[in-house]
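K.L.:
Handing you this structure, nothing more for now.
Read-outs: derived from the displayed coordinates by stated rules, not from any lab. The shown structure was predicted, so the numbers you read here are calculated from the model rather than taken from an experiment. Every residue, glycine among them, receives a Cβ derived from its backbone with ideal geometry; neighbour counts consider all protein chains shown.
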Amino acid sequence: MADHISVRGAGNAVAVPRNVLFAGLIAIGFANGSINRAIQLAIQDAGSALGRMLGVSIVAWVALAVAFALVGRSPARPATRADLAVAGALFLLFLFPAAPASWLGLTLLGAYLALGETPGSSSRRGGIVLVALTVPMFWSRILMSTMSDLILTVDAILVSAILTADRVGNTIAFADGWGYFWIAPECSSLANISLALLCWVIVTQTGAPQRPVKFRYCIAAVLAVIAINVGRMALTGISRAHYELVHGALGNVVFDVVTLAAMVGILFAGMKSAQRTTARGRHDVSAA
């Protein structure tokens, strides 16, 4: 018995291509998981929302496009019964109006592709990128909600050390004595760390397998975004005027772009290093 499913229409049997099936699920799941938050940001502050779209969060859009393209261009084999069973279960998750259900579904879909496909295949690489995408969009927020006190305290310790200012928990005194400011969860370095990891996954899964970007460049990108975020919060705490400037819409855009440039620059350097290493290896082989 064949293990794929055909859909009958107008008297003809039409196989369901698994690449189209899973690419469609990626689009549906991402839309359901992000639309409500995008609307809320636009209502609260349209300028800030636009800035986020043009800044660091563009990494999430790139990851979505990469995952969609990698899965969509995989061989158009007919979907198996297992594929359709998984797709049906995921579609039910996507029907829930709560965004977490969609992000959980996308995580499961990415894991299904990453673990069930041939190593190095387009669909497997797309699944890996999809799982990585759900980290900054969902799982890092879950981690923040459960460990926010510890995570924010670490940020606050670093900022207070730079300002040499008093600290109580994640509340820090302004350097000019004006008062205190609070490090909110959305200001934590954790979100940028997850984006740096996502950038590295995108680069490794879209580059040539024989020229992988080494993990030390990922570590360097993580350290860079932490330094930038902590530096930003330290500037915020110099005075009330600095707070209003750095913490405003313009400040958000500037620091998001700087963070994006740091991540991309470091990983680009990793790509060039990998290319040089590969070129030297080929030269050594030909010389021998």
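K.L.:
For segment 92-196, how big is Rg over Rh, using alpha carbon atoms and the Kirkwood form of Rh?
P.N.:
Result: Rg/Rh = 1.18.
K.L.:
Oh, and also: Give the order of VAL62, VAL131 when sorted by the count of other beta carbons within 10 angstrom, beginning with the fewest.
P.N.:
By the 10 Å Cβ count, ascending, the order reads VAL62, VAL131.
K.L.:
Next up: Given H placed on each backbone N at 1.01 Å, which residues far from TYR180 in sequence or on other chains put an amide H within less than 5 Å of it?
P.N.:
Here PHE174 satisfy the definition.
K.L.:
Order the peptides 220-232, 93-105 from the highest to the lowest mean number of other Cβ atoms within 10 Å of their residues.
P.N.:
Those peptides, ordered most packed to least, come out 220-232, 93-105.
K.L.:
Order of TYR112, TYR180 from fewest to most other C-beta atoms within 10 Å? Present the calculation step by step, with values, prior to reporting the outcome.
P.N.:
On the way: TYR112 20, TYR180 13.
Fewest to most other Cβ atoms nearby, the residues stand as TYR180, TYR112.
K.L.:
What is the ratio of the Cα radius of gyration of segment 15-287 to 2.2 N^0.38 Å, where N is its residue count, to two decimals?
P.N.:
1.14
K.L.:
Calculate, in nm to one decimal, what SER148 and ARG276 gain on full extension: separation in residues at 0.36 nm each, minus their alpha carbon distance.
P.N.:
Contour length minus Cα-Cα distance gives 41.9 nm.
K.L.:
Give the calculated FRET efficiency between THR164 and VAL257 to the nearest 0.05, with a Förster radius of 22 Å applied to their Cβ-Cβ distance.
P.N.:
About 0.15, to the nearest 0.05.
K.L.:
Still on this structure: For segment 214-261, what are Rg and Dmax over the alpha carbons, in angstrom?
P.N.:
Expressed in Å, the Cα Rg and Dmax of segment 214-261 come to 12.4, 42.
K.L.:
Which of the peptides 68-76, 117-125, 190-198 is most tightly packed, and how do the rest follow, judged by the mean count of other Cβ atoms within 10 Å per residue?
P.N.:
Values: 68-76: 18.4, 117-125: 16.2, 190-198: 24.1.
Put in order of decreasing packing, that is 190-198, 68-76, 117-125.
K.L.:
Which order do peptides 254-263, 157-166 fall in by mean Cβ count within 10 Å, highest first? The partial results should precede the final answer.
P.N.:
Numbers: 254-263: 19.4, 157-166: 16.4.
By packing density, highest mean first, the sequence is 254-263, 157-166.
K.L.:
What is the sum of charges, Lys and Arg at +1 and Asp and Glu at -1, for the other residues whose Cβ falls under 15 Å from the Cβ of SER122?
P.N.:
Once positives and negatives cancel, what remains is +4.
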